[in-house]
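No lab work stands behind these numbers, since they all come straight from the coordinates. Everything numeric here is computed off the predicted structure, so don't read it as measured data. Note: ideal-geometry Cβ built from the backbone for every residue, glycine included; neighbour counts use all protein chains shown.
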């Protein structure tokens, strides 16, 4: 049986979406004696020591003088770290689930294979009753470039390679252990891009990655390349990507994340015949493991032990 939640902590949960609300309800069921609040009064609240949320709006952290832990309910913590008034001494954690990498790999593989095996074209032929055999390409002649080889990216790389594609990776600063060739930093960026027939973005959302994939980078991809962004909105400059698709340099894109979410119904990305928009669903940690990790970290915080899945506040991931 799991040990009970640590009692000394008062937790703030900001119910900014149904996604967060589901985790709030699960936490209340799992730890009914835990002091959880969803709203702040007009002044300071010195009793709140932990935050469990997806986003941290500016002005909240400054009202929590004894905040010790800011835990993300999702796999990324950029919605919390981006708060300019979050003190550096506050520990930040993100949600990690062993099956998340495989879930992401399924989604990425789906998008690659949909484009690689001409599924949109076959669906058009089906609707038109047209019997026309299409050529079957050779995956060994196609290179998939994966940006970001963390715990999720490494699984994606292995699964895509198992499908027969040539796979390469890129990381910003350090060479991670990987079974695929890795390019590093600015020195390796151009070569990595020039070799990528499919570009898969799995980078963390940080100040350093914001706007990284604009025209100057995307136009280095081979003509006819396809872009898949399942990381964070804002890393890919949407206007530049759309222009390069319309110009014919890129064959299309599959986008699961956007600079502003939900994506406006007026966005040109919707209904574009070469772009697939999905509503930030590529992979999500299951509710149960996320709640258990948070409870475990409350216990660890009380006992002065290292936290699970703590974010490096200097690197922001």
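Zone of residue 117 (label point 7 Å along Cα→Cβ, backbone N under 17 Å): which residues in segment 147-181?
Hits in segment 147-181 for residue 117 at 17 Å: 159-166.
Below 8 Å between Cα atoms, with a sequence gap of 6+, how large is the relative contact order for the chain in percent?
17
How do 170, 131, 270 rank when sorted from fewest to most other Cβ atoms within 10 Å of their own Cβ?
By the 10 Å Cβ count, ascending, the order reads 131, 270, 170.
Starting from the 7 Å offset along Cα-to-Cβ, what nm value, one decimal, do you get for the label separation of residue 261 and residue 247?
2.9
Any chance you could give the angle, 0 to 90 degrees and rounded to 10, that helix 287-303 forms with the longest Cα principal axis of the chain?
Roughly 40 degrees, rounded to the nearest 10.
Taking only Cα atoms and a 10 Å spring cutoff, compute GNM fluctuations for the chain and point out the largest among 169, 234, 129.
Its mean-square fluctuation being the largest, the pick is 129.
Return P(r) of segment 100-277 (all Cα-Cα pairs; 5 Å bins starting at 0; whole %; ordered from short to long distances).
Whole-percent P(r) values from 0 Å outward: 1, 8, 17, 21, 21, 16, 8, 4, 1, 1, 0.
Quick one: what do you get for segment 75-119 if you divide its Cα Rg by 2.2 N^0.38 Å?
That ratio works out to 1.81.
Based on DSSP H runs of at least 4 residues, each adding -39500 (n - 2.57), what is the mean residue ellipticity at 222 nm of the chain after dividing by all its residues, to the nearest 500 deg cm²/dmol?
Result for the chain, helices only: -9000 deg cm²/dmol.
With a Förster radius of 35 Å, plug the Cβ-Cβ distance of residue 33 and residue 208 into 1/(1 + (r/R0)^6) and report the FRET value to the nearest 0.05.
Taking R0 as 35 Å, the efficiency between residue 33 and residue 208 is 0.25.
Work out how much length residue 133 to residue 89 would gain on full extension: take 0.36 nm times their residue separation and subtract the Cα-Cα distance, in nm to one decimal.
The residue 133-residue 89 span can extend by a further 9.7 nm.
Using mean Cβ contacts within 10 Å as the protection proxy, how do 216-222, 274-280, 122-128 order, highest first?
Highest mean packing first, the order is 216-222, 274-280, 122-128.
Would you mind calculating the gained length between residue 126 and residue 47 on full extension (0.36 nm times residue separation, minus the Cα-Cα distance), in nm to one decimal?
So the extension gain works out to 22.2 nm.
By how many nm would the segment from residue 16 to residue 272 lengthen if fully extended, with 0.36 nm per residue of separation less the alpha-carbon distance?
Extending this stretch completely gives an extra 89.2 nm.
Give the span of the chain's Cα atoms along each principal axis, as three whole-Å numbers ordered largest to smallest.
For the chain, the Cα extents along the three principal axes come out at 66, 45, 39 Å.
To one decimal place, what orientation-averaged projected area in nm² is obtained for the convex hull of the Cα set of segment 1-127?
One quarter of the hull surface, i.e. the mean projection, equals 11.8 nm².
Explain nothing, just the number: relative contact order of segment 230-317, from Cα pairs under 8 Å at least 6 residues apart, as a whole percent.
23
Gaussian network model of the chain, Cα springs within a sub-10 Å range: biggest mean-square fluctuation belongs to which of 30, 133, 215?
Result for the chain, Cα springs under 10 Å: 133 fluctuates most.
Report, to the nearest 10°, how far helix 100-116 tilts away from the longest principal axis of the Cα atoms in the chain, using its own Cα long axis and a range of 0 to 90°.
Approximately 20 degrees, to the nearest 10.
In Å, what Kirkwood hydrodynamic radius results for segment 162-214 from the alpha-carbon pair distances?
12.1
Which ordering of 16, 171 is given by a fewest-first count of other beta-carbon atoms within 10 Å?
16, 171
Using alpha-carbon positions, what is the distance between the centroids of segment 14-44 and segment 94-125, in Å?
33
Give the average over all directions of the projected area of the C-alpha convex hull of segment 120-176, one decimal, in nm².
5.3
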